[in-house]
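Bear in mind that the values in this text are calculations on the coordinates, not laboratory data. Predicted model only: the values in this text are computed from it and were never measured. Note that we place each Cβ from the backbone using ideal geometry, even for glycine, and neighbour counts take in every protein chain shown.
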Amino acid sequence: MADDVPNDVKEDVADIAPFDPTKKKKKKKVVIQDPADDSVEKVTEQTENLSVSDGLESTFSGLKKKKKKAVDTSSLNEESGEVGEDLDDHAGVDEEGEGTVPQSRFPWEGSDRDYEYEELLGRVFNILRENNPELAGDRRRTVMRPPQVLREGTKKTVFVNFMDLCKTMHRQPDHVMAFLLAELGTSGSLDGQQRLVVKGRFAPKNFEGILRRYINEYVICIGCKSPDTILSKENRLFFLRCEKCGSGRSVAPIKAGFVARVGRRTAGT
Amino acid sequence: MSELEVDVQIPTAFDPFAEANADDSGAGSKEYVHIRIQQRNGRKSLTTVQGLKKEYSYNKILKDLKKEFCCNGTVVQDPELGQVIQLQGDQRKNVSTFLVQAGIVKKEHIKIHGF
Ligand SMILES: [Zn+2]
């Protein structure tokens with residue numbers, strides 16, 4: 001169908017917004033790329049990709065890396081804390097979820113009219129949230145910190161909080177690393193401080209985009225969107241099982257695929 | 001175009017498993033066309049296209065791609081993966097669009113990798 005939709009839409013999000021589908025993406029305000037120069041084309045590319053993958057936006061807290069360059073004070077104030085995004089997010093949720101719950105606690109107070117469906121729904125969810133938040137279906141996200149990246153020399157990039165993010169996702173560093181390297185089309189390894197050092201120059205955004213896809217593919221439960229899943233290897237197949245709803249699916253093994261020989265003279269012909 | 005028509009046969013029916021199935025076939029990942037990007041020295045990059053059907057003339061496709069995007073490229077023979085098209089620069093979007101429009105690959109069979 002709609003053949004003009006870019007391919008990666010499908011691939012990136014698989015149409016589901018992993019953490020919080022209710023939330024409509026906010027225009028990423030501060031997309032100032034690290035002046036650490038990446039070719040312009042790539043930067044624009046990147047931005048497109050990201051805007052496409054919407055849902056996981058929420059995955060990364062204050063994702064526009066807290067730049068040391070003050071961007072514009074207002075937005076800084078809002079976003080400085082990890083919770084920056086959360087703020088307006090809650091607002092969004094409120095509107096949608098409990099739109100009918102106004103100031104005076106309950107709209108039906110003081111009248112003997114029937115409850116409206118929406119009101120009841122809102123009410124039940126409020127109660128649920130208070131008592132059994134885990135049942136309320138709020139994907140109160142596991143928030144991921146944005147990747148922190150350093151450059152090592154001119155040809156290598158160090159992904160500083162790699163381990164950290166693996167832990168957040170509850171995934172084996174090896175697995176995450178395999179995916180990252182395959183997608184980046186490069187090689188790399190952990191250094192003494194458990195940082196991931198990869199060959200090539202990459203911006204935090206690059207890692208972020210890939211991690212997002214990783215999460216879609218290897219972390220999020222398709223059924224309930226919960227990130228609370230276990231990835232196991234069952235006779236040569238990787239299997240993803242959801243701790244929350246119990247559903248499972250097999251996931252693709254990570255394959256690096258073709259890697260061109262670069263460096264000294266491209267191979268071939 | 002004609003390829004696409006086929007897909008639309010039952011436009012109203014929503015198959016809740018469509019996605020899951022699609023993903024499953026991804027597990028085999030055999031029939032996917034993979035479009036990847038790789039960094040070269042400096043800010044240069046390279047796009048590779050792997051997994052086109054063997055029946056196609058790679059050289060012919062390559063020629064069209066090169067002409068279309070004004071970039072250089074080559075067909076490489078990989079011992080395991082067979083023939084792979086390499087293009088200079090990041091042509092992932094371009095290639096994907098081209099392959100779909102030319103009816104060479106269906107959109108859902110293309111996997112774009114990279115950062
Ligand atoms: Zn689940």
When the residues of segment A:215-230 are filtered to those that are touching a Lys or Arg at 6+ places or on another chain (Cβ under 9 Å) and within 12 Å of another protein chain (Cβ to nearest Cβ), which remaining residue is farthest from the ligand (Cβ to nearest atom)? A:TYR218
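Please determine whether any residue of segment B:96-108 is within 9 Å of chain A (Cβ to nearest Cβ), within 29 Å of A:SER187 (Cβ to Cβ) and in contact (Cβ under 8 Å) with a residue 12 or more places away in the chain.
Step one: list which residues in segment B:96-108 are within 9 Å of chain A (Cβ to nearest Cβ), which gives B:96-97, B:100-101, B:107-108.
Then drop every residue that is not within 29 Å of A:SER187 (Cβ to Cβ), which leaves B:96.
Filter again for in contact (Cβ under 8 Å) with a residue 12 or more places away in the chain, leaving B:96.
Checked against the condition, which is being within 9 Å of chain A (Cβ to nearest Cβ), within 29 Å of A:SER187 (Cβ to Cβ) and in contact (Cβ under 8 Å) with a residue 12 or more places away in the chain, segment B:96-108 yields at least one hit.
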Can you find a residue in segment A:193-211 that is touching a Ser or Thr at 6+ places or on another chain (Cβ under 6 Å) and within 16 Å of the ligand (Cβ to nearest atom)? no
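Just checking, does segment A:147-163 include any residue being assigned to a strand (DSSP E or B) and over 18 Å from B:PHE115 (Cα atoms)? Spell out the reasoning first.
Initial filter on segment A:147-163 (assigned to a strand (DSSP E or B)): A:149-152, A:156-159.
Going one step further and asking which of them are over 18 Å from B:PHE115 (Cα atoms), we end up with A:152.
The answer is yes, given that some residue of segment A:147-163 is assigned to a strand (DSSP E or B) and over 18 Å from B:PHE115 (Cα atoms).
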Looking only at segment A:193-203, decide whether some residue is surrounded by 21 or more Cβ atoms within 10 Å (Cβ to Cβ) and under 16 Å from A:MET144 (Cβ atoms). yes
The condition of being on the phi > 0 side of the Ramachandran plot and out of contact with any strand residue (DSSP E or B) (no Cβ under 7 Å at 6 or more places or on another chain) holds, among A:LYS205, A:LYS225, only for A:LYS225
Just checking, does segment A:187-210 include any residue being more than 13 Å from every other protein chain (Cβ to nearest Cβ) and in contact (Cβ under 8 Å) with a residue 60 or more places away in the chain? no
Hey, A:LYS233 surrounded by fewer than 16 Cβ atoms within 10 Å (Cβ to Cβ), in a strand (DSSP E or B), basic (Lys, Arg) and more than 16 Å from the ligand (Cβ to nearest atom) or not: yes
Looking across segment A:236-246 at residues that are within 8 Å of the ligand (Cβ to nearest atom) and in a loop (DSSP other than H, G, I, E, B), the single one that is nearest to A:LYS167 (Cα to Cα) is A:GLU243
Based on this model, can you work out whether B:ASP78 counts as within 21 Å of A:ALA256 (Cβ to Cβ), in contact with a Lys or Arg (Cβ under 7 Å, 6 or more places away or on another chain) and at the interface with chain A (Cβ under 10 Å from one of its Cβ atoms)? no
Does at least one position in segment A:244-258 carry a residue that is within 16 Å of the chain's Cα centre (by Cα) and either of a type in the set (S, T, N, Q) or within 14 Å of chain B (Cβ to nearest Cβ) (or both)? no
